[in-house]
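K.L.:
Structure incoming, see below.
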Amino acid sequence: MSRTHILTTTLKTRDAVAATAEYTLVHELACSDLRRIERKDCWQVELADIPGETAGETMNRLARDTRVFVNPNKHVYEILTPDSLETHRIGPGLFRVPVIVGNREDRKGETACRTLAGLYGMGRHVVHVASGVLWLLDLAADDIVVARERARMITETRSRREGLLANPHSDTITVF
């Protein structure tokens, strides 16, 4: 049996990419319902069961003992389960909507999987790795359905004036 865990990394310093995206969305694309945006590099790792070790312990070991996902000089990491990525209310009329943007040709994920198998001997245990960007969008909305739809509209680039975070021709978008 295999289980998927999500490892996210954030910079220890200010994230200029997230700051630029937030400024552009609010001031140039008039997304007045966007209150805050956060960006994390995201790795979805499918693990086979390892005798004597939980999947969480394996993920911590991969993050701590390899340099595939985390550079300890500049990153802080967090391990999540897929069910922890759900849209939820964070205040009256305010929702946090997680969105993962991945690349249809995920060479970064493929390379990470091969590196873990070849260099670190984890080939039997790491079944699949997918890379992407986790965007956390704090949106003012009347309900959760509206917040999710609005997150999709903000994420998917449809023109120079609509959407910003993902190219629908080369990226995948998952709104939670």
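Readers should treat all values here as calculations from the given coordinates under stated rules, not as data from a laboratory. Given the structure is predicted, the values throughout are model-derived calculations rather than measurements. No Cβ is skipped: glycine too gets one built from the backbone with ideal geometry, and neighbour counts run over all protein chains shown.
K.L.:
If packing is taken as the average number of other Cβ atoms within 10 Å across a peptide's residues, how do 111-123, 12-24, 89-101 rank, most packed first? Intermediate results must be reported in sequence, preceding the final value.
P.N.:
Values: 111-123: 15.5, 12-24: 12.8, 89-101: 17.5.
Result, highest mean Cβ count within 10 Å first: 89-101, 111-123, 12-24.
K.L.:
If you take the square roots of the eigenvalues of the alpha-carbon gyration tensor of region 1-97 and sort them as a ≥ b ≥ c, do you get rounded (a/c under 1.5), prolate (a/b over b/c) or oblate?
P.N.:
Oblate, because a/c is 1.5 or more while a/b does not exceed b/c.
K.L.:
Using +1 at the Cβ of each Lys and Arg and -1 at the Cβ of each Asp and Glu in the chain, identify which of Thr81, Pro168, Gly93 lies farthest towards the dipole's positive end.
P.N.:
Pro168
K.L.:
Something else: Considering the convex hull of the alpha carbon atoms of region 57-126, report its projected area averaged over all viewing directions, in nm², one decimal.
P.N.:
Projected over every direction and averaged, the Cα hull of region 57-126 covers 6.7 nm².
K.L.:
Okay, moving on. Using only Cα atoms, locate the centre of region 111-137 and the centre of region 10-28, then give the distance between them in Å, rounded to an integer.
P.N.:
Centre-to-centre (Cα) distance: 26 Å.
K.L.:
Can I ask one more? How large is ³J(HN,Hα) for each residue in region 120-130, as worked out from phi by the Karplus curve 6.51 cos²θ - 1.76 cosθ + 1.60 (θ = phi - 60°), to whole Hz, x for Gly and Pro?
P.N.:
After applying 6.51 cos²θ - 1.76 cosθ + 1.60, I find 10, x, 9, x, 6, 9, 9, 7, 7, 10, 10 Hz.
K.L.:
While we're looking at this one, here's another question. Ordered by packing density, taken as the mean number of other Cβ atoms within 10 Å over each peptide's residues, highest first, how do 148-157, 161-170 rank?
P.N.:
On the way: 148-157: 19.3, 161-170: 14.8.
With the highest mean Cβ count within 10 Å placed first, the list reads 148-157, 161-170.
K.L.:
Kindly give the semi-axes, whole Å and largest first, of the ellipsoid equivalent to the chain, taking each as the square root of 5 times a Cα gyration tensor eigenvalue.
P.N.:
Three semi-axes, in Å: 31, 17, 15.
K.L.:
In debye to the nearest 20, how big a dipole does region 2-175 give about its Cα centre with +1 on each Lys and Arg Cβ and -1 on each Asp and Glu Cβ? It would help to have the intermediate numbers written out before the result.
P.N.:
On the way: 24 positive and 24 negative charges, 96 e Å.
Result for region 2-175 is approximately 460 debye, rounded to the nearest 20.
K.L.:
With runs of 4+ DSSP H residues as the only contributors, calculate the mean residue ellipticity of the chain at 222 nm using -39,500 (n - 2.57) per run, divided by the residue total and rounded to the nearest 500. Display every interim value, and only then the final one.
P.N.:
Working: 4 runs with 43 residues, N = 176.
Computed mean residue ellipticity for the chain: -7500 deg cm²/dmol.
K.L.:
Taking 8 Å as the Cα distance limit and 6 or more residues as the minimum spacing, I'd like the relative contact order of region 2-175 as a percentage.
P.N.:
Numbers: 332 pairs, mean separation 50.2, N = 174.
Relative contact order for region 2-175 comes out at 29 percent.
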